[in-house]
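Engineer: One structure, as structure tokens, below. Some questions next.
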Amino acid sequence: MILLRSLFRNVFRHREVEQDLDAEVRAHLELLAEQHAANGMDEAAARRAAQIDIGSSAGLKDAVRDVRRGAWIEHLWRDFESGLRQVRRNPMFSAVAIATLALGIGVNTAMFSAVDAVLIRPLPYDDAGRLVMIWDDMSRTDSPKFFSTPPEWHEWRLNNTVFTDIAATEPGLATLSGDGEPEELAGRRVTANLWSVLGARPLIGRVFTEDEDARGVRVAVISYGLWQRRFGGSPDVLGRKVTLNDKPYEVLGVMPREFYFMPARDIDIWIPVSFSVADFTKWSWHDVHCVARLKPGVTVRQAAESMAALNLRVTAPHFDHPRAAVVTPLREELAGKTQTSLIVLLCASASVLLIACVNLANLLLSRGAVRRREVAVRAALGAGRGQLIAQLLIESLVLAGLGAIAGLALAVPVMRFLETLVPETMASLRLTLDWRVLAFSTGVAIAAGLTFGLMPALGAAQIALQDGLRDGGRGSAGARSHRFQYVLIVSETALAVVLLTTGGLLLQTFRHLRQLDLGIRPERVLTFVTPLFRYRAFDRRVAFVDAELEHIRAIPGVVNAAAISRIPLTVNDQSTFYLLAGQTNKEAAEQVALSRVVSRDYFTTVGASLREGRFFDGSDRRSESPVAIVNESFAERNFPGRSPIGARFQFGRWGSKAYWYTIVGVVKEIRDRGVAEELRPAVYRVHEQADQSGDEPSGIVVRTSGAATSIVPAVRLAIWSVDRNQPVARVQTIEDIVARQLSGPSQNTVLLSAFALLALLLASLGLYGVLSYAVTQRTNEIGVRMALGATSNDILLLFGRRGMLLTLAGLAIGMALAVLAARSMTTLFYGFRPDYVPALVVVSLTLVAVAAVACGVPARRASHIDPTVALLHE
Amino acid sequence: MPTPKTDLLRGTLDLLILRALILDRDHGVGITRRIHQITRGTFDVKPGSLFPALHRLEERGWLASEWGESENRRRAKYYKLTPAGRRQIDTELANWQRVSAAIAWAIKATS
């Protein structure tokens, strides 16, 4: 009670308390004087005596203030005010310090908000840390982590010992029609236990049951986005019939807004997968995503070992080389490559901040010498070591706080830039300055303030108490603080080298990606999808595709148009097994090739190059002996050193009724799987001859003479003139696709390069600062040396050598660290092996050049010092 | 820097102040005078020690202060014991006796 009351009084009624104390001291003085007068002194003498008794009334009041409760708050406030005064008194120093800190704290805040969103924030599932994905280990066909098959899911679910349950999902594009324009939806066909495995519940309505899944009932669960967009968020959507691919489905439930699941954030509809008994014999039907929940107490590692062994057993009866299974944490799958790039970028931004702190520590150490007298005066006036350190630390924290405020302003645009880094597998996120991020930057600011403030504060307090007032201040502490400053210089140089080198490697990788030969001419090509679910019958489908292409070609400005089963360069693994003449079925089960079904003039439309043989032409009509074109990877893998032309193979199915395809041409690699993805063997067939394939040529590519997007309305009309109800979806240019796929690498490169340049700038500033301080401090010594016959060249060498030695030490350490760092970044190199030598050479030369300037300026100044002036320098 | 003469053990000064106020309220100069009297001139408490001590005791709730008029009709700040302060005298006394007994023993042991 008393405590609270006095604390309140001292803190909030500070002025009254102070006035009261003032009056009390004055009254005391008068009473004392009165007493002295009563003892026989004259009035003036009595006053003097009283004043002597009291001593310094300011000191007296200080002593009283110290015993008050809440005195520390007052101290803090005073130090804070003095910190602000220091900021105002040294505007140049403060501006540099705040700007560096703002950069450091700003980029770290932004980076943290992205890391938080992707790697830390809870996922929209119950206990998401227990969720894993299960994949096939298809290392024999170059895919160590591949989609699994329906029978594997079935066997795993029955026989595993490590999961409470396993759910499966399959791709399921669907066209929604009925009210309004037909819309192509991203959908998934899922097992009924998906929701219970994820621990996700619908916002309204219900999800489907095992029974509905088993019976193949047409029901659907829709996304919040679709509900709002198409049904106006009305609750009477429940029980409504929607038309998917021309079939009626009943809407059972709506998922909450924050729900999403692999493989993409924009999935709008989930329908029962309803596996049939026949599906459970398709051991090569690789399009199943499996997600499972670990049993309590089971680790990911245990599950991985158990599942690898289980799948070897399960697949043994069906393959010569049974395959293992791979188990990965769901969070890792969702974050994907972004995880590495975020961690690398966070490390880089932390390094920038660290360099900024090191620089400030150096600046403060140098300034500490200047302020030595001020600190010494305080010490002489009775400030204890603790008080001095506290005061200096609070000054640093004031700087850090101002830096943080400026940094937050800087963080916001950086966050906008980082948003596009969030992977497509995760919810679309708007990075915001929420309390988590603010707490983080506050923490960073405090840590930074303590980091750069502590050493100088300790040093200053030490010096002040030892010898502050004794002389002009070239004390014995100099040597030790120099050594410490040199250590700081070497470490910040090393950090800068690491950033520069890794930045250089990324730059190299990015240039490599930009210059990759896509295998096609990407400019002025429009692509879109025309779902073909209304044309299940093969002949009708061929007729429709030919008709729509013909109508599109008639549009003015269209050079050519063609169809393909998968839009080129979009990440997509539609692949199947092949059997070359003379091979056994078992050999065939271990070799896959991408399968693409195209219209006759596809290759000329996209601008592919022929290596050997011919492209498809008018002679390739429907036939019992169809032809195929393969890519170079396919040719090299199966026909090393000889021509594959005329060779025959079966594709996707074998037996007496299966077609034998004759290879008529080899095409130069087209990056069908994505710009930065590895090349794989690929087989192209003409759609007219592909009646034994399930692939539908629903993708359309159009080469135009003008801007590709200008013909979009005309294209829609052309298609609708063939079929009034035909949906046209996912309209984009090839250049859009390339740009989107390169945006991740390009942002990583831009950010890391920016961080690296910042680091270089800061490190050279640091070197300059320390050396020029050393010159100022050693002016006397320089004078003596010159008086004893040292030439100005000797002096130049003396200082230049010191700086260059520090730089070279930092360079050596930095290079070693850079090589280590680059090893952990390999996924950012997209399979490309960058050459370290040019990066290291360029970095070394740059650093030495920058360091030469940073050392040269102060060294020259030292060599031009006039010895007579220098000797008088105090 | 405090002078040796007033550099009392803090507890001692607190005890002396509380003792000086046992009969009646008084102002700073009066308290100094009374301590001088009751210690027979041994302790001459300087304002530099007295002021922090008075405020410390007030913060603890053992003294209360009020503005009043001195004998010569001057404004002065008067301090008086609170009930808690009265109880504290016994505690301080016990402390002091323990300390002085210990010191007496120590001196005997070394001489």
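Engineer: State which residue is farthest from B:T91 (Cα to Cα) when the search covers only region B:19-32 and only residues that are β-branched (V, I, T) and within 11 Å of another protein chain (Cβ to nearest Cβ).
Structural biologist: Here the residue is B:V29.
Engineer: Among the residues of region A:92-99, is there at least one that is within 14 Å of chain B (Cβ to nearest Cβ) and surrounded by fewer than 17 Cβ atoms within 10 Å (Cβ to Cβ)?
Structural biologist: No, every residue in region A:92-99 fails to be within 14 Å of chain B (Cβ to nearest Cβ) and surrounded by fewer than 17 Cβ atoms within 10 Å (Cβ to Cβ).
Engineer: Suppose the filter is facing chain B (nearest Cβ under 9 Å) and either modelled with pLDDT under 75 or surrounded by fewer than 16 Cβ atoms within 10 Å (Cβ to Cβ) (or both); does A:G40 pass it?
Structural biologist: The answer is no for A:G40.
Engineer: May I pose another question? What pairs come out if I take residues in region B:58-75 that are under 14 Å from A:A23 (Cβ atoms) and more than 9 Å from chain A (Cβ to nearest Cβ) and pair them with residues that are in a loop (DSSP other than H, G, I, E, B) and modelled with pLDDT of 85 or more whose C-beta lies under 9 Å away, six or more apart or interchain?
Structural biologist: B:E66/B:R25; B:G68/B:R25
Engineer: What single numbered condition from (1) touching a Gly at 6+ places or on another chain (Cβ under 9 Å); (2) over 19 Å from A:T169 (Cα atoms); (3) surrounded by 20 or more Cβ atoms within 10 Å (Cβ to Cβ) fails to hold for A:T315?
Structural biologist: Unmet condition: (1).
Engineer: Taking the options A:V217, A:V207, name whichever one is among the aliphatic types (A, V, I, L, M) and in contact with a Leu (Cβ under 9 Å, 6 or more places away or on another chain).
Structural biologist: None of the other options fit; the residue is A:V207.
Engineer: Can you give me the number of residues within region B:76-93 that are within 14 Å of another protein chain (Cβ to nearest Cβ), outside any strand (DSSP E or B) and within 14 Å of the chain's Cα centre (by Cα)?
Structural biologist: 2
Engineer: Further question on the same structure: If a residue counts only when it is aromatic (F, W, Y) and over 35 Å from the mean Cα position of the chain (by Cα), which helices (runs of 4 or more DSSP H) contained entirely in region A:749-867 have at least 1 such residues?
Structural biologist: A:792-823
Engineer: Hey, can you tell me all the residues within region A:713-729 that are surrounded by 14 or more Cβ atoms within 10 Å (Cβ to Cβ) and not in a loop (DSSP other than H, G, I, E, B)?
Structural biologist: Across region A:713-729, the qualifying residues are A:A714, A:V715, A:R716, A:A718, A:I719, A:W720, A:V722, A:A729.
Engineer: So, one more: Among the numbered criteria (1) part of a helix (DSSP H, G or I); (2) crowded, with 18+ Cβ neighbours inside 10 Å; (3) modelled with pLDDT of 85 or more, which one does A:L346 miss?
Structural biologist: Looking at each condition in turn, A:L346 falls short on (2).
Yes/no per residue for (1) more than 26 Å from A:S441 (Cα to Cα); (2) free of Cβ contacts under 8 Å to residues at least 40 places away in the same chain; (3) out of contact with any His (no Cβ under 8 Å at 6 or more places or on another chain):
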{"site": "A:E305", "(1), (2), (3)": "yes, yes, yes"}
{"site": "A:L310", "(1), (2), (3)": "yes, no, yes"}
{"site": "A:P322", "(1), (2), (3)": "yes, yes, yes"}
{"site": "A:T328", "(1), (2), (3)": "yes, no, yes"}
{"site": "A:T340", "(1), (2), (3)": "no, no, yes"}
{"site": "A:I343", "(1), (2), (3)": "no, no, yes"}
{"site": "A:L346", "(1), (2), (3)": "no, no, yes"}
{"site": "A:S351", "(1), (2), (3)": "no, no, yes"}
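Engineer: Now a separate question. State which residue is farthest from A:I269 (Cα to Cα) when the search covers only region A:216-237 and only residues that are modelled with pLDDT of 90 or more and surrounded by fewer than 18 Cβ atoms within 10 Å (Cβ to Cβ).
Structural biologist: A:V217
Engineer: Any residue that is under 23 Å from A:R521 (Cα atoms) and either assigned to a loop (DSSP other than H, G, I, E, B) or assigned by TED's automatic domain parsing to the domain that holds A:T704 (or both) - is there at least one of those in region A:634-647?
Structural biologist: Yes, that holds for at least one residue.
Engineer: Just to be sure, is A:L569 surrounded by 16 or more Cβ atoms within 10 Å (Cβ to Cβ), touching a Leu at 6+ places or on another chain (Cβ under 9 Å) and outside any helix (DSSP H, G or I)?
Structural biologist: Taking the combined requirement at face value, the residue satisfies it.
Engineer: Still on this structure, I have one more. Given the options A:G172, A:G178, A:G187, name the one that is of a type in the set (G, A, S), in the same structural domain as A:F259 (by TED's automatic domain parsing) and over 22 Å from A:D287 (Cα atoms).
Structural biologist: A:G178
Engineer: Here is a check on your reading of the model: is A:I54 at the interface with chain B (Cβ under 7 Å from one of its Cβ atoms), farther than 22 Å from B:A76 by Cβ, out of contact with any strand residue (DSSP E or B) (no Cβ under 8 Å at 6 or more places or on another chain) and at pLDDT below 85?
Structural biologist: no
Engineer: Counting only residues that are within 14 Å of B:N72 (Cα to Cα) and without any contact (Cβ under 8 Å) to a residue 24 or more places away in the chain, which one in region A:22-35 is farthest from the other protein chains (Cβ to nearest Cβ)?
Structural biologist: If we take residues in region A:22-35 being within 14 Å of B:N72 (Cα to Cα) and without any contact (Cβ under 8 Å) to a residue 24 or more places away in the chain, then A:A33 is farthest from the other protein chains (Cβ to nearest Cβ).
Engineer: Assess whether B:I35 counts as being under 23 Å from A:H28 (Cα atoms), more than 11 Å from every other protein chain (Cβ to nearest Cβ), out of contact with any His (no Cβ under 6 Å at 6 or more places or on another chain) and part of a helix (DSSP H, G or I).
Structural biologist: yes
Engineer: Which of the residues that make up region B:38-75 are within 12 Å of the chain's Cα centre (by Cα), more than 22 Å from A:E30 (Cβ to Cβ) and not in a loop (DSSP other than H, G, I, E, B)?
Structural biologist: Answer for region B:38-75, where residues must be within 12 Å of the chain's Cα centre (by Cα), more than 22 Å from A:E30 (Cβ to Cβ) and not in a loop (DSSP other than H, G, I, E, B): B:I38, B:R56, B:L57.
The values are calculated or read from the model by the stated rules, or taken from the named source; none is laboratory data. Note that the coordinates shown come from a computational prediction; the quantities given were computed from them, not determined experimentally. When we count neighbours, we look across all protein chains shown, and the Cβ atoms used for this are built from the backbone with ideal geometry, even at glycine.
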